[in-house]
1. Accessible area of V177, 1.4 Å probe, to the nearest 10 Å²?
2. Over the range 46-162, with every protein chain in place, what whole percent of the accessible area is carbon and sulfur at 1.4 Å, could you tell me?
3. Compute the accessible area per residue over the range 42-174, keeping the other protein chains in place, probe 1.4 Å, unit Å².
4. So, by mean Cβ neighbours within 10 angstrom, what's the order for 77-88, 131-142 with the highest one leading?
5. Modelled label-to-label distance, V41 and T252, 7 Å Cα→beta-carbon offset: nm?
6. In terms of solvent-accessible area of protein heavy atoms at a 1.4 angstrom probe, what is the ranking of Y261, Y76, highest value first?
7. Write out the trypsin sites (Lys or Arg not before Pro) in the range 95-144 meeting two conditions: DSSP loop, and at most 14 other Cβ atoms within 10 Å of their Cβ.
Amino acid sequence: MATEAAVAERAETRAKTKKKAPKAQGGTPWWMWIAVAAIVVFCLFPFYWLINLSLKTGADLGDSSLFPPHPTLKNYESIFNNSDFTRSLLNSAIIAISTTALALLVGSFCAYALARLRFSGKFAIIALVLSITTFPAIAIAAPLFRLWSDIGIFNTLIGLIIPNLTFALPLAIYILVSFFKEIPKDLEEAALVDGATHFVAFRKVVVPLAAPGLATAGILTFIATWNEFLLAITLTSSPKARPVPAAIAFFTGSTQFEIPYGTITAASVVISVPLILLVLLFQKRIVAGLTAGAVKG
């Protein structure tokens with residue numbers, strides 16, 4: 001009886017505490033919604049203006065109205081009828097995909113070694129790897145131009161993949177090192193006990209768990225390579241290997257002094273679409289990879 005009375009008393013105390021607990025405040029305040037809307041408009045307006053210009057031709061290009069008075073797709077038809085532009089799209093896809101694949105393949109092995117092995121000077125190596133990503137491309141553009149011309153890979157796809165990989169690989173390594181550190185070693189040790197080799201444990205245990213980090217490194221590498229302009233315009237001389245950012249710079253108008261704003265903006269919209277779709281498709285993995293290691297426990 002005493003036990004039942006104690007239980008009843010505790011239940012009554014909890015009920016009173018719940019009644020006295022302050023009510024949670026209402027939803028998100030109105031001013032925060034306004035601030036978020038303003039930020040979204042601020043970020044998206046340049047891209048909208050790009051689309052707005054791409055739908056104008058002739059005298060409408062000088063009109064500053066928010067909506068095209070006579071929208072047309074002639075600019076898009078013009079760029080896709082341009083064989084140099086379509087060839088540059090293919091070149092950009094080959095260069096970006098090849099660079100990303102090589103950066104993830106080589107970078108995953110390097111990052112795994114830096115994350116798991118114990119040796120002196122590891123921090124210095126990681127710092128050196130990270131410092132390469134901040135190295136200015138303009139400093140190596142002229143020497144590469146001379147070197148590539150001498151060895152015969154100037155104006156080739158491989159001549160662009162190599163320097164792009166030089167900058168993409170350190171970024172991939174730095175991202176993956178921090179991610180591999182968060183994967184428990186017990187999982188690999190369990191696979192080794194079951195008879196797996198170190199490579200099999202890495203391929204079947206570590207890599208699947210590191211998918212968000214690989215997605216993050218891959219997306220960032222792909223975007224950086226796809227948008228690269230300086231090396232693209234320095235190491236190419238014809239549409240044979242010229243990527244699309246450099247190809248847009250060679251668009252010409254109907255006269256010598258005319259700037260083809262319509263076709264330039266249409267091409268800019270077209271080359272932005274793959275990046276937007278890529279981020280939308282892998283946004284969850286990108287966020288998971290960027291936040292990996294931010295919270296311990």
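1. For V177, the solvent-accessible surface is approximately 10 Å².
2. Details: 4850 of 6760 Å².
Answer for the range 46-162: carbon and sulfur cover 72 percent of the accessible area.
3. Dividing the accessible area of the range 42-174 by its residue count gives 57 Å².
4. Listed from highest to lowest mean packing, they are 77-88, 131-142.
5. 4.3 nm
6. On the way: Y261 125, Y76 40 Å².
Accessible-area ranking of Y261, Y76, largest first: Y261, Y76.
7. Those satisfying the criteria are R118.
The values are calculated or read from the model by the stated rules, or taken from the named source; none is laboratory data. Since the model is a prediction, treat every value here as computed from it, not as a measurement. FYI the Cβ positions are ideal-geometry reconstructions off the backbone, even for glycines, and counts take in every protein chain you see. Side chains included, ligands, DNA and RNA excluded: accessible areas come from the protein's heavy atoms. Shrake-Rupley method; radii C 1.70, N 1.55, O 1.52, S 1.80 Å.
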